[in-house]
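S.K.: Before I ask anything, let me first share the structure, which is written out below as structure tokens.
The values are calculated or read from the model by the stated rules, or taken from the named source; none is laboratory data. Model, not experiment: these values are computed from the prediction. Note: ideal-geometry Cβ built from the backbone for every residue, glycine included; neighbour counts use all protein chains shown.
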Amino acid sequence: MTDKLRSYLYLHFCVLIWGFTAILGKLITLQAVPLVWWRVVLCCAALIVLIPRAQFRGLGDRVYAQMFGIGVLVGLHWLCFYGAIKLSNASVAVATMATTSFFAALVEPVLMKTRVKWYELALGLLILPGMALIVGNIDWNMKIGFAVGIFGAFLAAVFSSLNKKLIDKQPPPPLVMSFTELFGGVAVCSLVLPFLLWQQPETRFMPIGADWGWLLVLAGVCTLLPYYLTLLALRHISAFAANLTINLEPVYGVLLAAIFFQEHQDLNPYFYLGIGIILLAVFSHPFLKKHFEP
């Protein structure tokens, strides 16, 4: 198995796991900022125990500053994603995240100092009608949630491209990279959290009841593991290819629901057309890349 194929398999596994995050975002009763804060704090606590101390040595202050800065963007992205869910609904959040591929087709060439690839722009645009057909019942009156989600998608394109640039230079140990970036996410959430609690005193900070269990699942299974595997995958594929593959998240989610809950009986033909468009975009990318970049 080649490194590139293994990287794509890692990504598909991550996307399968990420299919549960929007559901968990609804199950957890905390608002967006406390939810993300607990998510990244639990991840960091686990990593500080797991990572051998020797791996933290020898990277240099500049590399740590770059990873921390990327983590700040990751934290802002999560705040936007869960903010979009709370301000609108999960469908709006998923639909706006589909624009990440289009943004990545523009952002990655700028950061990597390469030319913009027209076929990647086209595939990024092709994803949008496919996602619109899948989510279907979007209430476009939820403008604030939609705008927040779009900004979150842009941030995702930026931080994934920055990670690719950092990894291409001299890849830090993936666990150390995960910890430092997630710590950056903790920092930005810790700055935002007091303002939220001050402006909205009724906001609950502490999880209650089943929140603790769902948060542990969100942190360990849906954050820590896929974050680590995505950083490994970026060593062999582009940020655009990673973001394009992530658009399969709702496809995997619905397929799981069909297997376990027989929910496919409620789906209309437009949904399957949307799936077909997304699959066409995702799986045609390697062939187009090989054809236009021999």
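S.K.: When you check Leu229 against the structure, is it in contact with a helix residue (DSSP H, G or I) (Cβ under 7 Å, 6 or more places away or on another chain), within 21 Å of Tyr8 (Cβ to Cβ) and modelled with pLDDT of 85 or more, yes or no?
M.R.: It is true that Leu229 is in contact with a helix residue (DSSP H, G or I) (Cβ under 7 Å, 6 or more places away or on another chain), within 21 Å of Tyr8 (Cβ to Cβ) and modelled with pLDDT of 85 or more.
S.K.: Here's another thing I want to ask about it. Which of the residues that make up the range 159-170 are crowded, with 22+ Cβ neighbours inside 10 Å and either under 10 Å from Val74 (Cα atoms) or more than 18 Å from the chain's Cα centre (by Cα) (or both)?
M.R.: Phe159, Ser160
S.K.: Let me ask something else. If you scan the range 223-250, which residues turn out to be surrounded by fewer than 21 Cβ atoms within 10 Å (Cβ to Cβ) and closer than 14 Å to Phe20 by Cβ?
M.R.: Correct list: Leu225 only.
S.K.: Considering only the range 4-23, I want to know if a residue exists there that is out of contact with any His (no Cβ under 6 Å at 6 or more places or on another chain) and not in a helix (DSSP H, G or I).
M.R.: There is at least one residue in the range 4-23 that is out of contact with any His (no Cβ under 6 Å at 6 or more places or on another chain) and not in a helix (DSSP H, G or I).
S.K.: Here are some residues: Trp18, Trp78, Trp37. Which one is within 19 Å of Ile144 (Cα to Cα), surrounded by 15 or more Cβ atoms within 10 Å (Cβ to Cβ) and touching a helix residue (DSSP H, G or I) at 6+ places or on another chain (Cβ under 7 Å)?
M.R.: None of the other options fit; the residue is Trp78.
S.K.: What are the residues in the range 109-131 that are in contact with a Phe, Trp or Tyr (Cβ under 9 Å, 6 or more places away or on another chain) and within 17 Å of Val282 (Cβ to Cβ), if any?
M.R.: Lys117, Tyr119, Glu120, Leu121, Leu123, Gly124, Leu125, Ile127, Leu128
S.K.: Which residues, taken from the range 193-219, are farther than 15 Å from Leu42 by Cβ, not basic (Lys, Arg) and not in a helix (DSSP H, G or I)?
M.R.: Gln200, Pro201, Glu202, Thr203, Ile208, Gly209, Ala210
S.K.: Can I ask one more? Within the range 27-35, can one find any residue that is in contact with a Cys (Cβ under 7 Å, 6 or more places away or on another chain) and modelled with pLDDT under 85?
M.R.: In the first step, residues of the range 27-35 are kept if they are in contact with a Cys (Cβ under 7 Å, 6 or more places away or on another chain); the result is 33.
Within this subset, residues satisfying the condition of being modelled with pLDDT under 85 are 33.
The answer is yes, given that some residue of the range 27-35 is in contact with a Cys (Cβ under 7 Å, 6 or more places away or on another chain) and modelled with pLDDT under 85.
S.K.: State yes or no: is Ala210 surrounded by 15 or more Cβ atoms within 10 Å (Cβ to Cβ), among the small types (Gly, Ala, Ser) and either modelled with pLDDT of 90 or more or under 30 Å from Met177 (Cβ atoms) (or both)?
M.R.: Working: surrounded by 15 or more Cβ atoms within 10 Å (Cβ to Cβ): no; among the small types (Gly, Ala, Ser): yes; either modelled with pLDDT of 90 or more or under 30 Å from Met177 (Cβ atoms) (or both): yes.
Against the criterion (surrounded by 15 or more Cβ atoms within 10 Å (Cβ to Cβ), among the small types (Gly, Ala, Ser) and either modelled with pLDDT of 90 or more or under 30 Å from Met177 (Cβ atoms) (or both)), Ala210 does not qualify.
S.K.: Go through the residues of the range 162-182 one by one and say whether even a single one is of a type in the set (Lys, Arg), over 16 Å from Leu35 (Cβ atoms) and free of Cβ contacts under 8 Å to residues at least 24 places away in the same chain.
M.R.: yes
S.K.: Enumerate the helices (runs of 4 or more DSSP H) found wholly within the range 74-135, keeping only those where 1 or more residues are of a type in the set (Val, Ile, Thr) and under 19 Å from Thr223 (Cα atoms). Don't jump to the end; show me each part of the working.
M.R.: Details: elements: 90-97, 100-112, 118-135.
By residue number, 90-97, 100-112.
S.K.: While we're looking at this one, here's another question. Can you pull out the residues in the range 1-15 that are among the β-branched types (Val, Ile, Thr) and buried (at least 17 other Cβ atoms within 10 Å of the Cβ)? Before you say what the answer is, go through the steps one by one.
M.R.: Of all residues in the range 1-15, those among the β-branched types (Val, Ile, Thr) come to 2, 15.
Passing the criteria: only Val15.
S.K.: Looking at the structure I just gave you, is Ala54 part of a helix (DSSP H, G or I) and without any contact (Cβ under 8 Å) to a residue 60 or more places away in the chain? Let's see the steps before the verdict.
M.R.: Values: part of a helix (DSSP H, G or I): yes; without any contact (Cβ under 8 Å) to a residue 60 or more places away in the chain: yes.
When the stated conditions are applied, Ala54 passes them.
S.K.: Only residues in the range 122-150 that are within 22 Å of Ala32 (Cα to Cα) and at pLDDT below 75 count as the first member; pair them with residues that are in a helix (DSSP H, G or I) and of a type in the set (Ser, Thr, Tyr), Cβ under 9 angstrom, at least 6 apart or cross-chain, and list the lot.
M.R.: From the range 122-150, the pairs are Val135/Ser91; Ile138/Ser91; Asp139/Ser91.
S.K.: Please go through the range 225-254 and pick out each residue that is of a type in the set (S, T, N, Q) and part of a loop (DSSP other than H, G, I, E, B). Steps first, please.
M.R.: Step one: filter the range 225-254 for residues of a type in the set (S, T, N, Q), giving 230, 238, 243, 245, 247.
Listed by number, the residues that qualify are Ser238, Asn247.
Quick grid of which residues meet (1) at pLDDT below 85; (2) surrounded by 24 or more Cβ atoms within 10 Å (Cβ to Cβ); (3) more than 11 Å from the chain's Cα centre (by Cα); (4) under 22 Å from Leu193 (Cα atoms):
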position	(1), (2), (3), (4)
Phe68	no, no, yes, yes
Val72	no, no, yes, yes
Ala84	yes, yes, yes, yes
Ser91	yes, no, yes, no
Ala105	no, yes, yes, no
